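Visitor: Right, I'll just put the structure down here and ask away after.
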């Protein structure tokens, strides 16, 4: 049995969790505001605290820091129904045990309790109090509320506490540089972020780009030139498409990682290297190692920690959020008065396979916004690449029962809002609790 304390202003949610968790043998208490919760926690030492991000009297992140200062024995799991990458990163950096997005399943909480029961002795022995400076005010935003993308954001928060080397893996167009920049901003705000694409620079010039060169090092070297590693200082170096780095240059990068020094081309002086190295690839480095095309020792140095980015087809529930974000940005850049998109267009995009991932989504929307005849993008405004369309929905002439029709309509609305319970309930003009009951009644499940 575990003792659980919930801090959330949604009393219906608190009572629902209390009822179900007690049925599973756990003791549950809750408060609907921060002041009452902190007062109660002066007397209690629960095994788990579930803390809402938005409370009526205080911000959840402020409460988290207060809890870390006075209740370090109690693991804290942040919960929220909003898309907020900054808050997720800051919560994980500030010592939150985990982060849950609403609506979540009871099983999600039970799995968390089981995980905490395994780790709790360690947590009680070594209080994980990690208070660091705040994340820069407006870091680059990673859009999405799916489990896979939330996991990526949580990893960024955890990895921002150190300068360990990070390898970002994912298909083309999934946003690897965006993740690298977010990690940099969370770790070294205000410091240089130096990016270089290993596949876009001629191999003979890549060494000079990275290390720089001394005057007279080769024909045409009329003066000293600093390299990318030099410019990075105490910031971050991002090596994109690292799998395309020439084999002979890989040994030199390995030396930089091992010894934290480098020399300019044609130079003898050791230059200290203090930047964090973040790399990315859309290729299978392990397979390249087996083929002898990539150094095994460098691979293990780069893959100390790895972030795997999901493809867009693996997180189609994020498409409504991404579309709303991209429409605003693209419309401003193109000076077009486009403000929204039809639900049928959203559904059509969710049935598409997106071989080019988010980059392709942005291109499709750019074309649709440029050619749109009104302020709302219709399904007819969309044009996809060949080979990426999934099977279409069943024919519309099928006669559905009222039960099937209601289920289908609720499911479509949930998908269109990215499974935002409050927004879906408002659109359907029903109470959020009624919507939760219908989700349970129709056995609807949020896509993974």
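The values are calculated or read from the model by the stated rules, or taken from the named source; none is laboratory data. Predicted model, so just to flag it, every value in this text is computed and none were measured. Don't worry about glycine lacking a Cβ; one is built from the backbone with ideal geometry, like all the others, and counts go over all protein chains shown.
Visitor: For the range 285-345, which fully contained helices (runs of 4 or more DSSP H) count at least 1 residues that are closer than 26 Å to residue 365 by Cβ and either over 20 Å from the mean Cα position of the chain (by Cα) or modelled with pLDDT under 90 (or both)? First the steps, then the outcome.
Guide: On the way: elements: 285-290, 296-302, 319-334.
Filter on the range 285-345 gives 319-334.
Visitor: Of everything in the range 272-322 that's in contact with a strand residue (DSSP E or B) (Cβ under 7 Å, 6 or more places away or on another chain) and surrounded by fewer than 16 Cβ atoms within 10 Å (Cβ to Cβ), which residue is farthest from residue 445 (Cα to Cα)?
Guide: Taking the candidates together, the pick is 272.
Visitor: Would you check if there is a residue in the range 29-42 being modelled with pLDDT of 80 or more and under 23 Å from residue 142 (Cα atoms)?
Guide: Narrowing the range 29-42 to residues modelled with pLDDT of 80 or more: 29-41.
Right, trim to under 23 Å from residue 142 (Cα atoms) and you get none.
Checked against the condition, which is being modelled with pLDDT of 80 or more and under 23 Å from residue 142 (Cα atoms), the range 29-42 yields no hits at all.
Visitor: Out of the range 184-197, which residues are buried (at least 23 other Cβ atoms within 10 Å of the Cβ) and touching a strand residue (DSSP E or B) at 6+ places or on another chain (Cβ under 6 Å)?
Guide: 184 - this is the single residue of the range 184-197 that is buried (at least 23 other Cβ atoms within 10 Å of the Cβ) and touching a strand residue (DSSP E or B) at 6+ places or on another chain (Cβ under 6 Å).
Visitor: If residue 243 satisfies all but one of (1) closer than 18 Å to residue 208 by Cβ; (2) in a helix (DSSP H, G or I), what's the number of the condition it fails?
Guide: All conditions pass for residue 243, except number (1).
Visitor: Quick check on residue 83: is it under 21 Å from the mean Cα position of the chain (by Cα), more than 30 Å from residue 302 (Cβ to Cβ) and at pLDDT below 85? Spell out the reasoning first.
Guide: Values: under 21 Å from the mean Cα position of the chain (by Cα): yes; more than 30 Å from residue 302 (Cβ to Cβ): yes; at pLDDT below 85: yes.
So residue 83 fits the description; yes.
Conditions tested, residue by residue: (1) outside the structural domain of residue 51 (by TED's automatic domain parsing); (2) farther than 14 Å from residue 60 by Cα; (3) within 30 Å of the chain's Cα centre (by Cα).
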{"site": "8", "(1), (2), (3)": "no, no, yes"}
{"site": "13", "(1), (2), (3)": "no, yes, yes"}
{"site": "16", "(1), (2), (3)": "no, yes, yes"}
{"site": "22", "(1), (2), (3)": "no, yes, no"}
{"site": "29", "(1), (2), (3)": "no, yes, no"}
{"site": "32", "(1), (2), (3)": "no, no, yes"}
{"site": "35", "(1), (2), (3)": "no, no, no"}
{"site": "39", "(1), (2), (3)": "no, yes, no"}
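One line per residue, one yes/no per condition, for (1) buried (at least 20 other Cβ atoms within 10 Å of the Cβ); (2) over 31 Å from the mean Cα position of the chain (by Cα):
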| residue | (1), (2) |
| --- | --- |
| 206 | yes, no |
| 213 | yes, yes |
| 224 | no, yes |
| 234 | no, no |
| 240 | yes, no |
| 247 | no, yes |
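Visitor: Look at the range 12-32 and say how many of its residues are surrounded by 14 or more Cβ atoms within 10 Å (Cβ to Cβ), without any contact (Cβ under 8 Å) to a residue 40 or more places away in the chain and touching a strand residue (DSSP E or B) at 6+ places or on another chain (Cβ under 7 Å).
Guide: Total satisfying the criteria: 7.
Visitor: Does residue 130 satisfy the criteria of being at pLDDT below 85, surrounded by 18 or more Cβ atoms within 10 Å (Cβ to Cβ) and in a loop (DSSP other than H, G, I, E, B)? Please lay out each step first, then the result.
Guide: Working: at pLDDT below 85: yes; surrounded by 18 or more Cβ atoms within 10 Å (Cβ to Cβ): no; in a loop (DSSP other than H, G, I, E, B): yes.
Against the criterion (at pLDDT below 85, surrounded by 18 or more Cβ atoms within 10 Å (Cβ to Cβ) and in a loop (DSSP other than H, G, I, E, B)), residue 130 does not qualify.
Visitor: Related question: Kindly provide the set of residues from the range 186-204 that are farther than 16 Å from residue 250 by Cβ, under 27 Å from the mean Cα position of the chain (by Cα) and part of a loop (DSSP other than H, G, I, E, B), ordered by number.
Guide: Residues satisfying the conditions are 188, 189, 190, 191, 192, 200.
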